[in-house]
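Working notes, structure below.
What follows draws every value from the coordinates through simple rules; no lab data is involved. Just so it is clear, the model here is predicted, and its values are computed rather than measured. Using ideal geometry, Cβ is built from the backbone for each residue, glycine included, and neighbour counts are taken over all protein chains shown.
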Amino acid sequence: MALRIAELSLVAGRVYAIVGPNGAGKTTLLKLLALLERPSAGRLLFCGEECWERRRRLWQLRRRVTLVEQHPLLFDTTVARNVDYGLRVRGVPRAVRRERVAQCLSLVGLAGFENRRARALSGGEAQRVAVARAAALRPEVMLLDEPTSNVDEPSVAFMEELLRSLNELYGTTVVFATHDLTRAYRVADEVVGLAAGELADLGTENLFAGELKWHGEGCWFDTGKIQVAVLPPAAGVARHMSIAAEEIVLSRAPIVTSARNRFVGRITGLREEKHTVAVSVDVGEVLRVRITKLSFQEMRLAVGSTVHLAFKTSSVRLF
Amino acid sequence: MSEVFAGLWRNCATLAQAHHEILSIVGLSLSVSAVATAMAALVGVPVGFAIGLAEFPGRRLVITIFNSLMAIPTVVVGLFVYCLVTSQGPLGAFGLLFTPWAMVMGQFVLGTPIAVALTISAVQSLDPRVRLTIVSLGAGRIRGAVTLVSEARFALVAAIVASFARVISEVGSAMIVGGNIKGYTRTMTTAIALETSKGEFGQAIFLGIVLLLLAFSLNIFFQRLQGTRS
């Protein structure tokens, strides 16, 4: 898959999701980031350093990054020998290796699996061993290609939590590819959209990062600038919220409604679309509202106009 | 036919007296073939790995050549080695003709293409993710190569066993460059050829059975090795 990416910067210590459909180029991008494939054009920098300039240096840089493939290959030996492989090739002493193996297997929920034959494991277990093998190296960057694709449904949440843990425990920059937008927003600090080899707008409007807060009788999502009433998520946690632009009611006058989210703000932008007008309203955060052209004309809206917004808690999607 | 079985019975009966000579024949066969196979593996496995992993112009032709050499007639190899070690040959000064070392040379030439071709096949049948995983986990060239060998170990053992089977069962080269000298260069296959030409079918069949038993033992060993994989 050919990639045509003008520029993409990933900040150390964050969790990134690369989201796109099959064939979007996610795996190619991960292999480029893992320094396993050389870009045919353009530059690839790691901490400001040109990666493919010197072969010896490339090898050193590769050791700071690890890729866990979608269908990871485990060597035909025991689980422990797989997990400590990278440590052995780095000459890490046996005692440290043994401790690290136990620690990483415990982290992925496979404590006591050391002496099992790696090739006899189930797909989900193999995936976890591959993550443990990568984590054992304490890499600066861990890349994972569809890490939940081989995992059964109950283990998906575990794997998602594991990705966050790797980031929080070791400060590892985690970059994972997924085709599931919900998962991406649930786990990642930032989401990179990819389609047909190019960076793409994921089409998610009014997307905000923040945290859940519980006070009074309700559950709120706090973006740091505004608080939005939301329905408590089943997972109990959420890192992002989005509100569909069509779900927000816009009015010149205060709105009398059962909707719990009501804001007053100023219009900062107007964009005419085919049958609608996209209105950007600053209510602390800039919310995008989509109204019909007829409504737009009737309300005589202009940049700087004060408007009232309202939307239901059920219109807020949490990730 | 009854003569054949009578001869075979006589041989079994006189095995006790003849055991020294038979053991010497079996011992020489095994040692010559083992040394030749070890040398073929030492050369053939790295060469096979290099060809299997590298991309270079003419690679397919090289693979075809090695595949063809697997079927090279043993007498042709015997003739080739004879030309090398005969007193007028380039290695004539070493006095190797009609010695076990000349037989080792012949068997080495026979066994190496098998080791190379089957190693190439083993490398090509390796999951491409093995190399990717090795690089991704930061292994250098040598550690990476060791891991590749480890991952291909069953196919490599099969290659070496096939090479051994080829050389221990050959007669043409051993006869030409060894000379079938009693107690010195007589192997099981050359002894079988000699006994058959003398009409001593019982002795020939007895040695044939020993050779077959060796082949069976090897196969059982290999199957057990494969069995440990699952």
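Structure notes:
- Pair list, Cβ under 7 Å, 6 or more apart: region B:150-161 residue surrounded by fewer than 17 Cβ atoms within 10 Å (Cβ to Cβ), other residue of a type in the set (Lys, Arg): B:Phe154/B:Arg229
- The set of residues in region A:248-270 being over 16 Å from A:Val283 (Cα atoms) and either not in a loop (DSSP other than H, G, I, E, B) or not hydroxyl-bearing (Ser, Thr, Tyr) (or both) consists of A:Val256, A:Ala259.
- Residue in region A:243-258 that is nearest to A:Leu301 (Cα to Cα), counting only those that are over 30 Å from the mean Cα position of the chain (by Cα) and hydrophobic (A, V, I, L, M, F, W, C): A:Leu250
- Test: residue in region A:52-60 that is among the aliphatic types (A, V, I, L, M), more than 21 Å from the chain's Cα centre (by Cα), crowded, with 22+ Cβ neighbours inside 10 Å and within 13 Å of chain B (Cβ to nearest Cβ): no
- Scoring A:Ala111 on the criteria (1) more than 11 Å from chain B (Cβ to nearest Cβ); (2) under 22 Å from A:Leu33 (Cβ atoms) leaves a single failure, condition (2).
- Those helices (runs of 4 or more DSSP H) of region A:45-164 in which 2 or more residues are among the charged types (D, E, K, R) and farther than 29 Å from A:Thr182 by Cα occupy A:55-62, A:94-107.
- Looking across region B:190-217, just one residue is closer than 22 Å to B:Ala41 by Cα and of a type in the set (S, T, N, Q), and that is B:Ser217.
- One residue from B:Leu156, B:Leu194, B:Leu148, B:Leu212 being within 14 Å of chain A (Cβ to nearest Cβ), closer than 26 Å to B:Ile72 by Cβ and assigned to a helix (DSSP H, G or I): B:Leu156
- Some residue of region A:73-89 being without any contact (Cβ under 8 Å) to a residue 60 or more places away in the chain, within 14 Å of chain B (Cβ to nearest Cβ), touching a Cys at 6+ places or on another chain (Cβ under 8 Å) and within 23 Å of B:Arg153 (Cβ to Cβ): yes
- Checked against (1) away from chain A (no Cβ under 14 Å); (2) assigned to a helix (DSSP H, G or I); (3) of a type in the set (Gly, Ala, Ser), B:Gly183 passes all but condition (2).
- When region A:265-280 is filtered for residues that are exposed (fewer than 13 other Cβ atoms within 10 Å of the Cβ) and charged (D, E, K, R), the ones remaining, listed by number, are A:Arg271, A:Glu272, A:Glu273, A:Lys274.
- If you filter region A:281-319 down to residues that are within 23 Å of A:Gly210 (Cα to Cα) and without any contact (Cβ under 8 Å) to a residue 24 or more places away in the chain, you find that the one that is farthest from the chain's Cα centre (by Cα) is A:Asp282.
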